[in-house]
Amino acid sequence: RDPNLNGHSLHVQELSLLIYNHLPPAMHKGISAENLKYAALFHDVGKLGIPEAILNKPGKLDDAEWVQMRNHPKIAVKILDPLSSFNFIRNWILYHHERIDGKGYYSIPAEQIPLAAKSITVADTYSAITMARSYKPGKPHEEAIAIIKDVAGTQLDKQIVDIFCQIPKDEVEKCVPENLNT
């Protein structure tokens, strides 16, 4: 429904799995690659409950529109609720817009944000920065990395950012789906 997000969820899925594969083995505790794969793919499924006028707005959202947009993680969890196999990843999806400084959608403290959600957030941020949208061009890898490093420790988890930034550029760029607008 959102032409600006063509391929975005697949990109976030691939990036999240790439991050997972570069995490130290001790950080894999409680996270399976299979569960992460589904959580990353469905992280924005709640946008199905957001009006198209908001999703396709060519400019910035006003305050009332942001209130609706911030509901997409809750809507995603509600959509997936009948599928008990997704219970384990519910909070990974719900908290993918939480910030380390506590200023996310639901103001969850950093220590309560699941590591998988923190990884999805880094992947989601990188994808959003690098993909072209109707209202902005995508930024190159180097610029995206600089932006991500700049918000490490406030918006994004610093440890996950450090790991992500160590991944070779060619590995990151292999995560781009064929239909992604970059």
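The values are calculated or read from the model by the stated rules, or taken from the named source; none is laboratory data. Not measured: the values here are computed from a predicted model. Every residue, glycine among them, receives a Cβ derived from its backbone with ideal geometry; neighbour counts consider all protein chains shown. The accessibility values were calculated without ligands, DNA or RNA, using every heavy atom of the protein model including side chains. Shrake-Rupley method; radii C 1.70, N 1.55, O 1.52, S 1.80 Å.
A few notes on this one:
- Residue match in the range 1-16 (condition: surrounded by fewer than 16 Cβ atoms within 10 Å (Cβ to Cβ) and either touching a strand residue (DSSP E or B) at 6+ places or on another chain (Cβ under 8 Å) or more than 17 Å from ARG133 (Cα to Cα) (or both)): no
- Restricting ARG99, ARG133 to those that are within 23 Å of LEU48 (Cβ to Cβ), in contact (Cβ under 8 Å) with a residue 40 or more places away in the chain and of a type in the set (Lys, Arg) reduces the list to ARG133.
- So ALA64, is it open to solvent by less than 20 Å² (accessible area, probe 1.4 Å), part of a helix (DSSP H, G or I), on the phi < 0 side of the Ramachandran plot and small (Gly, Ala, Ser): no
- The residue pairs whose first member lies in the range 43-56 and is within 21 Å of VAL122 (Cα to Cα) and part of a helix (DSSP H, G or I), whose second member is open to solvent by 50 Å² or more (accessible area, probe 1.4 Å) and at pLDDT below 90, and whose beta carbons are closer than 8 Å, counting only pairs six or more residues apart or on different chains, are LYS47/ARG1.
- Residue among VAL161, VAL77 that alone is touching a Leu at 6+ places or on another chain (Cβ under 6 Å), open to solvent by less than 60 Å² (accessible area, probe 1.4 Å), part of a helix (DSSP H, G or I) and aliphatic (A, V, I, L, M): VAL77
- For MET27, the test of being touching a residue at least 60 places away in the same chain (Cβ under 8 Å) and of a type in the set (A, V, I, L, M, F, W, C) is passed.
- Filter pass, ALA110 being open to solvent by less than 50 Å² (accessible area, probe 1.4 Å), more than 26 Å from VAL176 (Cβ to Cβ) and small (Gly, Ala, Ser): yes
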